[in-house]
1. Tell me, yes or no, whether segment 268-288 has at least one residue that is in contact with a Leu (Cβ under 6 Å, 6 or more places away or on another chain) and either surrounded by fewer than 16 Cβ atoms within 10 Å (Cβ to Cβ) or farther than 23 Å from residue 139 by Cα (or both).
2. Out of everything in segment 128-152 that is surrounded by 19 or more Cβ atoms within 10 Å (Cβ to Cβ) and out of contact with any Leu (no Cβ under 7 Å at 6 or more places or on another chain), what residue ends up being nearest to residue 67 (Cα to Cα)?
3. So which pairs qualify, if the first residue must be in segment 277-305 and in contact (Cβ under 8 Å) with a residue 24 or more places away in the chain, the second must be of a type in the set (S, T, N, Q), the Cβ gap must be under 6 Å, and the two must be at least 6 apart or on different chains?
4. Among the numbered conditions (1) small (Gly, Ala, Ser); (2) closer than 15 Å to residue 207 by Cβ; (3) assigned to a loop (DSSP other than H, G, I, E, B), tell me where residue 230 comes up short.
5. Over 17 Å from the mean Cα position of the chain (by Cα), farther than 24 Å from residue 83 by Cβ and charged (D, E, K, R): does that describe residue 283?
6. With (1) surrounded by fewer than 16 Cβ atoms within 10 Å (Cβ to Cβ); (2) within 20 Å of the chain's Cα centre (by Cα) as the list, and residue 297 as the residue in question, which single condition is left unmet?
7. On the basis of being in contact with a strand residue (DSSP E or B) (Cβ under 9 Å, 6 or more places away or on another chain), of a type in the set (D, E, K, R) and outside any loop (DSSP other than H, G, I, E, B), does residue 203 make the cut?
8. Out of everything in segment 183-198 that is in a loop (DSSP other than H, G, I, E, B) and among the hydroxyl-bearing types (Ser, Thr, Tyr), what residue ends up being nearest to residue 69 (Cα to Cα)?
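The values are calculated or read from the model by the stated rules, or taken from the named source; none is laboratory data. Quick caveat, the model's predicted, so the values are computed rather than measured. Cβ: placed from backbone, ideal geometry, glycine included. Neighbour counts: every protein chain shown.
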Amino acid sequence: MRHYLFLFFILSLLNNAEIKSQSIDSLRYWKIKSATNINLTQGAVSNWTEGGETYISILGILKTEANYKKQNSSWDNNLELRYGTMIVRDVLKNNRVGVIRTDDRIDLFSTYGLKFYKNINMTVMGNFRSQFVEGYDYPNDSVPVSDFMSPAKIYFAFGFEYKRKDNITFMLSPFTIKNTLVASSKVDETKYGLEKGHRAKREIGSYLKLFYKTTLWDNVIMINKLIMFSNYLEKPENIDFDYQVDFNMKVNTFIQASLHFHFIYDDNIDIPVYDYSTGKKVKTGVTKGLQFKELLSIGFIYTLQNKTKPLAK
């Protein structure tokens, strides 16, 4: 795991160094911004009668934007990398140190637009989503339920996009190809809607993407991201959605608190059902349902962006 964290920091540093090394001429139509956020939490107990365990948790987030604008053409690129882990001493396993993954995400968007009318563009969009390492359904840490490219979701969409400045983006695509991949043989592909023995599934449908950013107070920003997809050929009424909302609270230039909510519903994904009546976690079946994740963090943030302005047309 240390290798992944080291790679995360190296990529961040190289990204920032590359921005600094570019000449003004080569960036005159580009707006580039990169933010690295490192959040640390630590707790220690010894002979604590009320219970508890010694732990350390770390969450790293890298967000990079590279947006090009020249006359009627635009090309927007957004990359978000997230990796979080918690190291805890497990008294049930002879005080062995255990590592639990708390967050893991690769999310890359690339959208090319050609002005159609005022704030409306004809667009072509690609989106790649996956994760870095194996994930487990704890306490079972012997059989992975996910891995890099397992699953991976790849979207290709053609449609129209309404964009107002940098705070509102709305894209509607009547023709979208969605590919779901499960590359690892260790991961059960049927868990993600694939047939047994198959490593890929293709769907054709409609796609909607909404981005809305607003300032609630002087130091509090709310960011909403919503993606919806309907499969034309298989239960089009069962709409998949992925909704994220972030509240970023700036303490000072380098310290930021964040509250992250993530909701997912995918009709292809089976949600395990567990029984806890025996005091243990026992899987009894699967169902369709809403996935939810919440993360509250505070830590160090470093932001770098180019200040060059486009030359007059």
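1. no
2. Among residues in segment 128-152 that are surrounded by 19 or more Cβ atoms within 10 Å (Cβ to Cβ) and out of contact with any Leu (no Cβ under 7 Å at 6 or more places or on another chain), the one nearest to residue 67 (Cα to Cα) is 130.
3. Short answer, once both residue conditions are applied: 297/39; 297/258; 299/39; 301/37; 301/256; 302/36; 304/16; 304/34.
4. Of (1) small (Gly, Ala, Ser); (2) closer than 15 Å to residue 207 by Cβ; (3) assigned to a loop (DSSP other than H, G, I, E, B), only one is false for residue 230: (3).
5. yes
6. (1)
7. yes
8. 184
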